[in-house]
1. Which entry in (i) 17, 39, 25, 15, 3, 0; (ii) 16, 39, 34, 10, 0; (iii) 19, 49, 27, 5, 0 is this structure's computed P(r) over Cα pairs in 20 Å bins from 0, in percent?
2. Can you tell me the 0 to 90 degree angle between the C-alpha axis of helix 472-492 and the longest principal axis of the chain, rounded to 10?
3. Ranked from highest to lowest mean number of other Cβ atoms within 10 Å per residue, what is the order of the peptides 32-42, 311-321?
4. With every atom except the alpha carbons ignored, what do you get for Rg and Dmax of the range 506-606, in angstroms?
5. At 222 nm, what value in deg cm²/dmol follows for the chain if DSSP H runs of at least 4 each add -39500 (n - 2.57) and the sum is divided by all its residues, to the nearest 500?
6. Which of the peptides 288-296, 547-555 is most tightly packed, and how do the rest follow, judged by the mean count of other Cβ atoms within 10 Å per residue?
7. Sorted by mean Cβ packing within 10 Å, highest first, what order do the peptides 231-239, 453-461 take?
8. Subtracting the Cα-Cα distance from 0.36 nm times the residue separation, let me have the gained length for residue 318 to residue 383 in nm, one decimal.
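Throughout, read-outs are computed from the coordinates displayed, never taken from laboratory work. This one's a predicted model, so the numbers in the text were calculated from it and none came from an experiment. Glycine gets a Cβ as well: all are built from the backbone with ideal geometry, and neighbour counts include every protein chain shown.
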């Protein structure tokens, strides 16, 4: 049975490709909603459609707007609030604020690689008459700030093309698009767009549609039940986030409505740090009996001045070792200047070192362009002696996957420096882009098991002056909550594990950005994390500029359960290319036989030749 398309009414079909494309037809003419992907052409031909005279897009993301040719004669309509993200995409890709120091994610980097000409823009209440149908536009932000829903009255029914507000009954396509700041930046806004999403879904509900048609997902013939189930699940999932969130320590005003909720871990009191420690900004210093100092992180030049002042005051002698906890800009921005000033040994975990020595290869939250020299790369469990202290390094995938932890033993205490991974209120997992994985032996579950095993007397956060620790009961509370999250978030997504909907970087390109010249061969790797408990097959294909006149064949790999796999491409840059500046190379992905479209991207910086 061919399930490539289905019929909703006499004049309305849905093409089921990498997204659902609405096909409103009148004889051989059609109006399309979110056309994307090559297989749509086959469906149009089978339906006898020879003219596409109007196209509507619900939002600006590349996976629902790319891959279908648009002729100059076709009218193209988009949300007015997102028009620039269709017509002026270069202003996104060429602006450093959308590349470095990423604390805000609106608009998202699922931006189109190439601009689309727009003839019409729509605001709330706009209306369109087309053939046998009447269309009304609702502004329905949530998945993106400017998303709209198209209500189509045709054949005595009302259909709501709702973009990616909802995937199916009780489900959304992914969570990271809902990352949005409330009183701070988007970085701190885990599920921050949930209120907008709720208001938009209620707005769609009040329009009394016969069915909801999502861009990604399943046609819903019982909109009320679909929406109610989703809102209930989102509320429960958010509660399980707040229950152990470290953000309660930093911004208690954001969580006043949750005070006294059952199952929420109380916030611990801090304890004074040992007297041989100093704390400036995000930097901790350990002062040895010899006067030598061991330093962790340097995000600001002011840290260098404060260390020099300690030297001038005779409190310390020289800096002999330097440890980098993780790659975030407020921890690494000033490291190059620090290394010039204090020529000591720099040490970092292998996963951290991969980012800080080559930041241009990654696109991650809070990333800095500063390049760090790493002299010693540690593996999980490596130990060494620094004066009277024993140091043991760990990969510590807490606040971010690209994170290290350091146990320091000496003077009768066992101190664990966890970067930004904990506060007295719990775990720092408030940014979905940081790759806070759920499951056994990954993410915070792995971190908490390590803390449980090591039993430190003091835990330190880079931003917090007091030390703290956790009781066995508190560690168990956090572990139990994470186990419940794995279950409830998995129910929220159309995947067999929650991490697909929460880990924005489960598919990623390496290097994310690289310089290329005409005639050379560029190497590009697609890295894929299989979060499933079964092997999965992935297919990838770079989408190169049409002007290059070349096509790289798609390649396939099978990835074992719960491991990383990769596909490598060698791309020869044509000799005839001119200096084009920054070129976006989308990566078309199919995973477990599910077409995802232009799911991720890499950047080629063309330098001529």
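1. (iii)
2. 10 degrees
3. Listed from highest to lowest mean packing, they are 32-42, 311-321.
4. 14.1, 47
5. -5500 deg cm²/dmol
6. On the way: 288-296: 18.3, 547-555: 12.3.
Per-residue mean Cβ counts within 10 Å order the peptides as 288-296, 547-555.
7. Most protected by this proxy first, the peptides run 453-461, 231-239.
8. Going from the current span to full extension adds 21.2 nm.
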